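Comments concern the structure below.
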Amino acid sequence: MKITHLERTVVSVPFLPGILPAPGFEELTPAYPESLNCRRQDVLRIRTDTGLTGIGMSGPYFGSQPDPASDLIGRDPREFEPRQLGGGGYDIALLDLIGKIVDWPLYRIFGGQAQKSVLVDYWIARMGPEESADAARQAVALGFRGIKIKCRWEDAVADRVHAIHAAGPELRVVLDPGERFHTVAQTLELARELEGLDIVFEDPIPKDDMENYRRLVEETDVIIAPHLQNPRQVIEVVHRGAADAINVAPSDWGFLDMARIAEAGGIPVWQASNVDLGVFDAFRLHASAAAPNCTLGSDLCGNFVHEHSLLKEPLVGEDGYAVVPDAPGLGVELDEDAVRAYTVSP
């Protein structure tokens, strides 16, 4: 078997109304120089001389970037060690292809299926209480159990959470300020305002001193969940007792390594994302399914925040869970009409 052809299709899929920041809440930064509606992603295909095709996807980006094609032409996909393939681009397509060759769903390559479905949370950006309540009603109507909101201390955070709770009393609310609750004192003050509600604080304060996170864990009943990037951070958090839960940033083998360390410490995790499209979400879903402690609402939200996920079938069902595909590889198919409709020039 040989790889004969690589294909890259650049797409841009707008977000649905009611998801992105409301007027007055937009923020432009070096990492996000434009609206999220301007982001692009690459749909990638690896074709072989046997007719098997692997599909992959790049992470989202702004502007243009070079074709990620490499020296894959002419190589046998079976040469590659799955553990050495990372979480993006043609590596995803290679893992999809390897799964199809051995007739295994990707979760088996990742170590085996620990759960058949993965809890997923609804997702919205910064906005006011009224818009947040509208989003909560939409989340409830779609069957979600939780909602993740981008926010910061300077917003009317407590008012916003109470509005969400009034609209969807059963929803867990995950507050993600990106460390912009700033201090232990301010975080505890907000926790007292929200006492009695089902709340998670993700990355409430800077992580330069994890003793501050240990204080938060000890001094509030709110679930404290740092967003971590590598196994060493998880080891420190477990050692210090500095988290009730962890949002794991890597999407592949790194996710699995970090989830297993957290499991040894009795800490549940969830899968992070970049608010991607369906192929990338499917890849993350398989890794999540191989982690028995991935039990909090993951950020696999592409198929309900964008106009289209680019998949034939959505990943998330009507009960807030994403069902893990059993077909070989990623187990998903692209909606080719949708891919064509959202294709843009490189």
>> among the small types (Gly, Ala, Ser) and either in the same structural domain as residue 249 (by TED's automatic domain parsing) or touching a Phe, Trp or Tyr at 6+ places or on another chain (Cβ under 9 Å) (or both): is that true of residue 89 in this structure?
In response: no
> Does segment 72-86 include one or more residues that are modelled with pLDDT of 90 or more, within 23 Å of residue 310 (Cα to Cα) and not in a helix (DSSP H, G or I)?
Replying inline: no
> Do you know which residues across segment 117-141 are in contact with a strand residue (DSSP E or B) (Cβ under 7 Å, 6 or more places away or on another chain) and in contact (Cβ under 8 Å) with a residue 60 or more places away in the chain?
Replying inline: 117, 118, 119, 120, 121, 122, 123, 124, 125, 126, 135
> Does segment 290-311 include one or more residues that are in a loop (DSSP other than H, G, I, E, B), free of Cβ contacts under 8 Å to residues at least 24 places away in the same chain, assigned by TED's automatic domain parsing to the domain that holds residue 273 and over 12 Å from residue 119 (Cβ atoms)?
Replying inline: no
> Taking segment 242-266 only, how many residues are out of contact with any Ser or Thr (no Cβ under 8 Å at 6 or more places or on another chain), more than 14 Å from residue 207 (Cα to Cα) and either assigned to a loop (DSSP other than H, G, I, E, B) or not assigned by TED's automatic domain parsing to the domain that holds residue 295 (or both)?
Replying inline: 7
> If you check 166, 139, which single one turns out to be over 17 Å from residue 16 (Cβ atoms), assigned to a helix (DSSP H, G or I) and among the small types (Gly, Ala, Ser)?
Replying inline: 166
>> From the list 242, 262, 191, 249, exactly one residue is free of Cβ contacts under 8 Å to residues at least 40 places away in the same chain and in contact with a Phe, Trp or Tyr (Cβ under 6 Å, 6 or more places away or on another chain). Which is it?
In response: 242
> If you go through segment 290-310, how many residues are in contact with a helix residue (DSSP H, G or I) (Cβ under 7 Å, 6 or more places away or on another chain), surrounded by 22 or more Cβ atoms within 10 Å (Cβ to Cβ) and either of a type outside the set (Ser, Thr, Tyr) or modelled with pLDDT under 95 (or both)?
Replying inline: 6
> Among the residues of segment 129-142, which ones are buried (at least 17 other Cβ atoms within 10 Å of the Cβ) and farther than 14 Å from residue 171 by Cβ?
Replying inline: 129, 131
> In this structure, is residue 69 of a type in the set (A, V, I, L, M, F, W, C), farther than 27 Å from residue 147 by Cβ, over 20 Å from the mean Cα position of the chain (by Cα) and assigned to a loop (DSSP other than H, G, I, E, B)?
Replying inline: yes
> Counting only residues that are farther than 17 Å from residue 99 by Cα and in contact with a strand residue (DSSP E or B) (Cβ under 8 Å, 6 or more places away or on another chain), which one in segment 36-53 is surrounded by the fewest Cβ atoms within 10 Å (Cβ to Cβ)?
Replying inline: 37
> So which of 18, 99, 24 ends up being of a type in the set (Gly, Ala, Ser) and over 30 Å from residue 129 (Cα atoms)?
Replying inline: 99
>> Could you tell me how many of the residues in segment 200-219 are more than 15 Å from residue 178 (Cα to Cα) and either buried (at least 20 other Cβ atoms within 10 Å of the Cβ) or touching a Pro at 6+ places or on another chain (Cβ under 9 Å) (or both)?
In response: 3
> Which condition number does residue 160 fail, the rest of (1) of a type in the set (Lys, Arg); (2) within 22 Å of residue 290 (Cβ to Cβ); (3) touching a helix residue (DSSP H, G or I) at 6+ places or on another chain (Cβ under 8 Å) being met?
Replying inline: (2)
>> Test of understanding: among 103, 42, 91, which residue is touching a residue at least 24 places away in the same chain (Cβ under 8 Å) and on the phi > 0 side of the Ramachandran plot?
In response: 103
> Which of the residues that make up segment 1-42 are aromatic (Phe, Trp, Tyr) and assigned to a loop (DSSP other than H, G, I, E, B)?
Replying inline: 25, 32
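The values are calculated or read from the model by the stated rules, or taken from the named source; none is laboratory data. Here the structure is a predicted model, which is why all the values come from computation and not from measurement. Note: ideal-geometry Cβ built from the backbone for every residue, glycine included; neighbour counts use all protein chains shown.
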